[in-house]
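Here's the structure we're looking at; comments come further down.
The values are calculated or read from the model by the stated rules, or taken from the named source; none is laboratory data. It should be emphasised that the depicted structure is a prediction, and the values quoted were computed from it without experimental measurement. Cβ coordinates were reconstructed from backbone atoms using ideal geometry, including for glycine residues, and neighbour counts include every protein chain displayed. Keep in mind that these areas ignore ligands, DNA and RNA; they rest on the heavy atoms of the full protein, side chains included. Shrake-Rupley method; radii C 1.70, N 1.55, O 1.52, S 1.80 Å.
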Amino acid sequence: MCVCVLLHCLVTFYHLSCVTLEHQHLRYNPLRDSWVLVSAHRMKRPWAGQVERPPEEHIPRYDPNNPLCPGNKRANGEGNPDYDSTFVFENDFPALQPDAPDPGSEQDPLFQSKAARGVCKVMCFHPWSDVTLPLMKKEEVVKVIDKWAELVEELGTIYPWVQIFENKGAMMGCSNPHPHCQVWASNFLPNEPALSDRCQRAYYQKHGEPMLLQYAKREAEKKERVVVESSDWLAVVPYWATWPYQTLLLPRRHVLRISDLTTEEREGLAAIMKRLLTKYDNLFEVSFPYSMGWHGAPTGPYLKEDNSHWQLHAHYYPPLLRSATVKKFMVGYEMLAQEQRDLTPEQAAEKLRNLPEDKKGIEL
C-alpha cells in the first residue's frame with residue numbers, strides 16, 4: 001500500500017472516530033432490544049439546574065438509633081444480634097409476602113391482574129456503618145458474595161427469580177447509610193429479567209454462544225471500554241450504556257448463577273469489586289452513589305430447563321454526571337421517547353480506567 005493511500009485511510013479512520021465521539025448517534029442494546037441516543041456534545045452546555053447535597057462524609061461507626069447496627073432494635077421491636085460479619089433478616093416492610101391473597105382472574109384484556117408472592121430480605125455487609133464495600137477487606141467482601149450465593153440457592157429452590165440489589169446513597173433512595181443490600185424473591189419473572197431472558201435466548205439460538213460470553217471476549221480484545229479486568233472477571237462501560245458511568249461486570253467463563261462460582265472466582269470477584277468501587281469513589285472524591293444488581297439464570301421451575309443462553313452479570317447504575325452534586329436526570333425525552341446519554345461510553349471508560357485503585361480507607 002502506498003504512503004498516500006495509507007495516510008488517506010488513517011485520516012478517514014480518525015475522522016470517523018471523531019464523528020462517533022462528537023456527534024449524536026444511536027447504539028443498540030442487545031440485552032433489552034432497544035436503542036440509546038448518544039449526544040456527547042451536550043456535556044459542553046452550561047449547567048444551571050438542580051445541585052444535590054453531597055453525601056454525608058462523617059457517618060458514625062455505631063449509632064444507637066440506627067436499626068441496622070448490631071444489638072439495636074428495629075421498627076418491629078426485634079433486636080439485632082451483635083453480628084460481626086454479614087447479617088440477614090426479613091424486611092420489616094416487605095414489598096412481597098409469601099401468603100398474599102390471589103386477586104382473581106379478569107377476562108378484560110385492559111384490566112388484568114395476577115397473584116404476586118414472595119419474600120424480601122435485608123442483608124448487612126458489615127457491622128460498622130462507616131465501612132462500604134470498597135473499604136472492606138477482600139475476605140470480608142468474599143463473605144458477602146458467599147451469602148449472596150447461599151440466598152440464591154436457598155430461595156431459588158422455591159422462587160423463579162431472586163433479585164439481589166444494592167441502593168447506595170441517599171441520591172439513589174437509600175434511607176439508611178449502613179452498608180447493606182436487599183434480596184427479593186418472587187413467584188414471577190420480573191419485566192427486566194424476562195426481557196433479558198428473551199433477548200439472550202434469541203441471540204443464543206442464532207449464534208450458538210451466550211451473548212454476554214461473546215461480548216466479554218470482544219470487549220477484552222478491543223480494550224476501549226474496559227475499566228478493570230482480571231483472569232476471571234471483566235468490568236466495562238457497556239457499548240450501549242445509558243447512565244453516565246454505568247458498568248457491566250462479567251465473568252470470563254460461562255456461568256449461569258452466582259451460586260455456581262468457584263472459590264477462586266469468588267475471591268477474584270471480591271478483588272475486582274473493590275477495584276471498581278474504589279475507582280467510582282475516586283471519580284468525584286465522594287462515596288459514590290449507585291444502584292446495582294445481579295442477573296443470572298432464573299430459578300425455581302427454571303432449574304429443570306436448559307438455560308445455556310444465560311450468562312451471570314452485574315449492572316452498576318450510578319447517577320452522577322458532572323460532579324458529586326450534579327446527576328443525570330432520566331426525564332422528558334428519556335421517559336417519553338428513548339434513553340439518552342451525555343458522554344460516550346468510551347469517554348466514561350477512559351476516565352474510570354485512569355483513576356487510581358487505592359484509597360485511604362479505614363483501619364479495620
(request) List the number of the failed condition for K223; all other conditions in (1) more than 18 Å from the chain's Cα centre (by Cα); (2) in contact (Cβ under 8 Å) with a residue 40 or more places away in the chain hold. (result) (2)
(message) Here are the criteria: (1) small (G, A, S); (2) touching a Phe, Trp or Tyr at 6+ places or on another chain (Cβ under 7 Å); (3) under 29 Å from P177 (Cβ atoms). Tell me which single one S287 does not satisfy.
(response) (2)
(request) Filter segment 34-75 down to residues that are modelled with pLDDT of 90 or more and more than 26 Å from V131 (Cα to Cα) and give me whichever is most open to solvent (accessible area, probe 1.4 Å). (result) W35
(request) May I ask you to list the residues in segment 280-309 that are closer than 19 Å to N187 by Cβ and part of a loop (DSSP other than H, G, I, E, B)? (result) G296, A297, P298, T299, E305, N307
(message) Among the residues of segment 229-273, what is the count of those that are touching a Gly at 6+ places or on another chain (Cβ under 7 Å) and within 23 Å of L135 (Cβ to Cβ)?
(response) 4
(request) Would you tally the residues in segment 83-119 being under 16 Å from H180 (Cα atoms) and of a type in the set (D, E, K, R)? (result) 3
(request) May I ask you to say which residue of K274, K279 is open to solvent by 20 Å² or more (accessible area, probe 1.4 Å) and either charged (D, E, K, R) or not assigned by the TED database to the domain that holds P134 (or both)? (result) K274
(request) Working carefully through the options P238, P193, find the one that is assigned to a loop (DSSP other than H, G, I, E, B) and either modelled with pLDDT of 95 or more or in contact with a helix residue (DSSP H, G or I) (Cβ under 6 Å, 6 or more places away or on another chain) (or both). (result) P238
(request) For segment 309-324, enumerate the residues that are open to solvent by 30 Å² or more (accessible area, probe 1.4 Å) and in contact (Cβ under 8 Å) with a residue 40 or more places away in the chain. (result) Y317, R322
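Can you tell me which of K168, K121 is closer than 24 Å to D84 by Cβ and more than 17 Å from the chain's Cα centre (by Cα)?
Every option except K121 fails the conditions.
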(request) Sort out which residues of segment 284-298 are within 19 Å of N354 (Cβ to Cβ) and open to solvent by less than 20 Å² (accessible area, probe 1.4 Å), and write them in order of number. (result) V286, F288
(message) Checking V331 against (1) of a type in the set (A, V, I, L, M, F, W, C); (2) closer than 20 Å to V228 by Cβ; (3) open to solvent by 20 Å² or more (accessible area, probe 1.4 Å): exactly one of these is not met. Which one?
(response) (2)
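Could you grab me the full set of residues in segment 145-161 that are part of a helix (DSSP H, G or I), aliphatic (A, V, I, L, M) and either within 25 Å of P98 (Cβ to Cβ) or at pLDDT below 95 (or both)?
A149, L151, V152, L155
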(request) Take F13 and decide whether it is modelled with pLDDT under 60, out of contact with any strand residue (DSSP E or B) (no Cβ under 9 Å at 6 or more places or on another chain) and either more than 30 Å from E154 (Cβ to Cβ) or outside any loop (DSSP other than H, G, I, E, B) (or both). (result) yes
(request) Return a yes/no flag: does segment 231-245 have any residue that is within 19 Å of the chain's Cα centre (by Cα), assigned by the TED database to the domain that holds R322 and among the polar types (S, T, N, Q). (result) yes
